[in-house]
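Peer 1: One structure follows; several queries about it will come next.
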Amino acid sequence: MSDLDFSGKTVLVVGGSSGIGNGIAQAFRARGADVHVWGTRASAENYAGEEGSDLAWLTYQQVDVSDTEAVAKASAPDRLDVLVLAQGTVLYRRGEFEMEGFRKVVAVNLDSLMACALRFHDLLKASGGSLITISSTAAYHATRGNPAYNASKAGAVALTRTLGQAWAADGIRVNGVAPGLVATKLTRVTTDNPERLEGALRGIPLGRLGTPEDMAGAVLFLASPLAAYIVGQTITVDGGLLL
């Protein structure tokens, strides 16, 4: 059996309805896992036909992760082997320079990580499972116009380290992935602007955008026995952008 075979394993991808999260969910499904997805819309049908969203053969549930009570009350599978926290949001047009906008972004990008981690701690402990956060290379440099996004992603990296240390004794490995520039609905302000895109690509040694599949590869590795001795680390997957 391959170390990347997840047959018989149960995976929950929070934010798995589109973009990077959906790519991760599909990667686990393709390798035999029973995959559950949390998203913001009322039903899986609400994503039908949307680019980057494929919920076929996945178990979908609507959960507002910015609401800690909603997270606590959401239904859960009987067991959980892998929890991927891929939820995220961003506000443009200086919306994050207003406290309401700042709090909204931090609630989704950071506060909800802890809420979800606490919600599923016991299930992950029972299975000796893995928790994987999805942050961003924005954690490591300033992001013009987006203080909340920047701070929350840096917080996610720090939280990953601390939970990794705290929960290793429970048999839970906590790690993370920091994506570079990936073409999703959150990055369209750049990817849909030819001049911005050209400038961004010049800064990526591999000369291309990342894909959800690129991110999924790192997540599969971290969730597998191949990463059995890795704890509290966030792997940068950016085509060399930060170099």
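Peer 1: Please state the relative contact order of the chain as a whole percent: Cα pairs under 8 Å, 6+ residues apart?
Peer 2: 20
Peer 1: Separate question: So how strong a dipole does the chain carry about its Cα centre when Lys and Arg Cβ are +1 and Asp and Glu Cβ are -1, to the nearest 20 debye?
Peer 2: With only Lys, Arg, Asp and Glu charged at Cβ, the dipole is about 440 debye.
Peer 1: Positive end of the charge dipole of region 10-237 (Lys, Arg +1 and Asp, Glu -1 on Cβ, about the Cα centre): tell me which of Thr160, Ser112, Leu85 has its Cα farthest that way.
Peer 2: Ranked along the dipole, the leading option is Thr160.
Peer 1: Further question on the same structure: I'd like to know which of Ala74, Ala48, Gly21 lies farthest towards the positive end of the charge dipole of region 10-237, counting +1 on Cβ of Lys and Arg and -1 on Cβ of Asp and Glu.
Peer 2: It is Gly21, whose Cα lies furthest towards the positive end.
Peer 1: For Ile235, what residues show an amide H to amide H distance below 5 Å, using hydrogens built from the backbone and excluding near sequence neighbours?
Peer 2: Long-range HN contacts for Ile235: Gly176, Val177, Ala178.
Peer 1: For a quick check of your reading of the filter: which trypsin sites (Lys or Arg not before Pro) in region 78-173 sit in a DSSP loop and have no more than 12 other Cβ atoms within 10 Å?
Peer 2: Filter output for region 78-173: Arg93, Arg94, Arg144.
Peer 1: Could you give the DSSP H helices of the chain that reach 18 angstrom or more along their long axis (alpha carbon positions) and whose average Kyte-Doolittle hydropathy is no lower than 0.5?
Peer 2: For the chain, where a helix must reach 18 Å along its axis and average at least 0.5, the hits are 112-127.
Peer 1: Sort out for me the Cα centre separation of region 33-81 from region 166-243, rounded to whole Å.
Peer 2: What the calculation gives is 22 Å, centre to centre.
Peer 1: Something else now. What stretch of the chain, leaving out the sites themselves, is the longest with no chymotrypsin sites (Phe, Trp or Tyr not before Pro) in a DSSP loop having at most 15 other Cβ atoms within 10 Å? All intermediate terms of the calculation are to be shown ahead of the outcome.
Peer 2: On the way: sites that count: Trp57, Tyr92, Tyr229.
Free of exposed loop sites, the longest segment is 93-228.
Peer 1: Applying the Karplus parametrisation 6.51 cos²θ - 1.76 cosθ + 1.60 with θ = phi - 60° to the phi angles of region 55-72, what ³J(HN,Hα) value in whole Hz is obtained for each residue in order, glycine and proline being reported as x?
Peer 2: 10, 4, 6, 10, 8, 9, 9, 7, 9, 8, 6, 6, 9, 5, 5, 5, 4, 5
Peer 1: With charges only on Cβ, +1 for K and R and -1 for D and E, what is the dipole size of region 1-96 about its Cα centre, in debye, rounded to 20?
Peer 2: For region 1-96, the charge dipole is close to 120 debye.
Peer 1: With a cap of 15 neighbouring Cβ atoms within 10 Å, and only residues DSSP puts in a loop, list the trypsin sites (Lys or Arg not before Pro) found in region 1-41.
Peer 2: Arg41
Peer 1: Sticking with this one: Summing -39500 (n - 2.57) over the DSSP H runs of n ≥ 4 in the chain and dividing by its residue number, what mean residue ellipticity at 222 nm do you reach, to the nearest 500 deg cm²/dmol?
Peer 2: -11000 deg cm²/dmol
Taken together, the values in this text are just the output of simple stated rules run on the coordinates, not laboratory data. Everything numeric in this text was worked out from a predicted model, so none of it was measured. A quick note on method: Cβ atoms are made from the backbone with ideal geometry, for glycine too, and the neighbour counts reach across all protein chains shown.
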